[in-house]
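*Asks:* Structure in structure tokens, see below.
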């Protein structure tokens, strides 16, 4: 059919994105209850420190396969921007 680099993603990537969204939201809600005034940078640092590097790699791979819009659909509204920023930050660590 083509070059094989189509943007098709299967149930594994969907499952991994769902795991990422669930884990990130859970951590953000936990931080929110302990520190309601946390900045986006503090939220990113907290979530990054709480998720194992191997899981971060899986989540980045799923984001690359499934796309940002797929992750946005899985996150509750108040967590969309920071959640996507967190996973994108893992793609390009400084």
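The values are calculated or read from the model by the stated rules, or taken from the named source; none is laboratory data. Keep in mind the model is a prediction, meaning the values are calculated, not measured. Because the Cβ atoms are built from the backbone with ideal geometry, glycine has one as well, and the counts that use them run over all protein chains shown.
*Asks:* Kindly establish whether residue 26 is under 14 Å from the mean Cα position of the chain (by Cα) and free of Cβ contacts under 8 Å to residues at least 12 places away in the same chain.
*Replies:* Working: under 14 Å from the mean Cα position of the chain (by Cα): yes; free of Cβ contacts under 8 Å to residues at least 12 places away in the same chain: yes.
So residue 26 passes the test.
To keep it simple, each residue is scored yes or no on (1) part of a helix (DSSP H, G or I); (2) within 10 Å of the chain's Cα centre (by Cα); (3) free of Cβ contacts under 8 Å to residues at least 24 places away in the same chain.
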| site | (1), (2), (3) |
| --- | --- |
| 49 | yes, no, yes |
| 56 | yes, yes, no |
| 63 | yes, yes, no |
| 80 | yes, yes, yes |
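*Asks:* For the stretch 86-94, check the following and say yes or no: at least one residue is surrounded by 19 or more Cβ atoms within 10 Å (Cβ to Cβ) and more than 10 Å from the chain's Cα centre (by Cα).
*Replies:* no
Each row is one residue, and each column tells you yes or no for (1) at pLDDT 85 or above; (2) touching a helix residue (DSSP H, G or I) at 6+ places or on another chain (Cβ under 7 Å).
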site: 26; (1), (2): yes, no
site: 29; (1), (2): yes, no
site: 36; (1), (2): yes, no
site: 47; (1), (2): yes, yes
site: 53; (1), (2): yes, no
site: 58; (1), (2): yes, yes
site: 68; (1), (2): no, yes
site: 74; (1), (2): no, yes
site: 82; (1), (2): yes, yes
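*Asks:* Now for a different question. Take the stretch 20-39 and flag every residue that is more than 18 Å from residue 55 (Cβ to Cβ) and either in contact with a strand residue (DSSP E or B) (Cβ under 8 Å, 6 or more places away or on another chain) or surrounded by 16 or more Cβ atoms within 10 Å (Cβ to Cβ) (or both).
*Replies:* 38
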